[in-house]
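Note sheet for the following structure.
The values are calculated or read from the model by the stated rules, or taken from the named source; none is laboratory data. Remember, it's a predicted structure, so these values are computed and weren't measured experimentally. Here Cβ is always computed from backbone atoms with ideal geometry, including for glycine, and neighbour counts include all displayed protein chains.
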Amino acid sequence: MKKIFIFTSILIVFIANSNIFSETKTDATSIYQQTLKKYGELKSFNAQIECKVYPYDKVTGNIIVEKPNKWKISLNLNVKGKNYNIFNLCTGQYVYDYDPFKNQIIKTVSSSAASGEITQFFPQFSLYDIDTVKLLETLTKNDKIKTFVLQSYFKKNYQNNQFTSVKLWVEEKSWLIKKIEVLNSEYESVMVINFNNIKIDEEIKKEEFEVSIPKGAKLLVER
């Protein structure tokens, strides 16, 4: 279950943060900087996601982000043949995390509420704590659209060396991230996330950020 919540952290950090992690002028760095700049300029982001979070079966869902301080991640995962629905929702003021295994929601004050904007509010899995980045390959589709595959390495002792690096599949011109793969200390894949049907800067209905408490769920408030 911990990996699922780390997974949601990865999604929000990528969508929300617009910091530039390095000033080194390399091809890989230029691509990475252009990608972060793109996401920093977005007003809203909406995408379907398909992923593998080991050891779970395929996880599907949707992510919606609206600047300055709202987001919703809805996931469906299958564990031993049974489906579970998870959500992580920020209304701007509060964050709601629903754990279907315990049937409880944890409500906390959003760190983005204090600053008035989405920033790097998942420090436990900061994808910007990067030491180096390199370009692995360039993929071409129909001789036109290029996809850059980057590998970014975390700094030494980051998260007690639990994770070593993350791979990004970035589409040229749109600079949108189409795929993410996270590697552990043994350079084994632990998470693969695909983004489909991406929509940017479209109006999002306010109902998307309303809280719906599942039947019988406990609400725990952390102060």
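Numerical summary
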| read-out | value |
| --- | --- |
| Residues (outside any loop (DSSP other than H, G, I, E, B) and at pLDDT 85 or above) located in the stretch 35-47 | Ser44, Phe45, Asn46, Ala47 |
| Cross-chain or 6+ apart pairs with Cβ under 6 Å, the stretch 26-53 first and farther than 21 Å from Phe209 by Cβ, then among the aromatic types (Phe, Trp, Tyr) and in a strand (DSSP E or B) | Ile31/Phe148 |
| Qualifying residue in the stretch 9-28 (condition: buried (at least 17 other Cβ atoms within 10 Å of the Cβ) and modelled with pLDDT of 85 or more) | yes |
| Options Thr119, Thr132, Thr147, Thr140: the member that is among the polar types (S, T, N, Q), at pLDDT below 85, more than 26 Å from Leu77 (Cα to Cα) and more than 17 Å from the chain's Cα centre (by Cα) | Thr132 |
| Positions within the stretch 179-199 being touching a Ser or Thr at 6+ places or on another chain (Cβ under 7 Å) and at pLDDT 80 or above, in sequence order | Glu181, Leu183 |
| Any chance Ile105 is modelled with pLDDT under 85 and over 15 Å from the mean Cα position of the chain (by Cα) | no |
| Tally, over the stretch 48-95, of residues that are of a type in the set (Phe, Trp, Tyr) and part of a strand (DSSP E or B) | 4 |
| Of residues in the stretch 48-77 being aliphatic (A, V, I, L, M) and within 17 Å of Lys205 (Cβ to Cβ), the one modelled with the lowest pLDDT | Val65 |
| Residue tally, condition free of Cβ contacts under 8 Å to residues at least 24 places away in the same chain, assigned to a strand (DSSP E or B) and under 25 Å from Lys102 (Cβ atoms), over the stretch 179-223 | 0 |
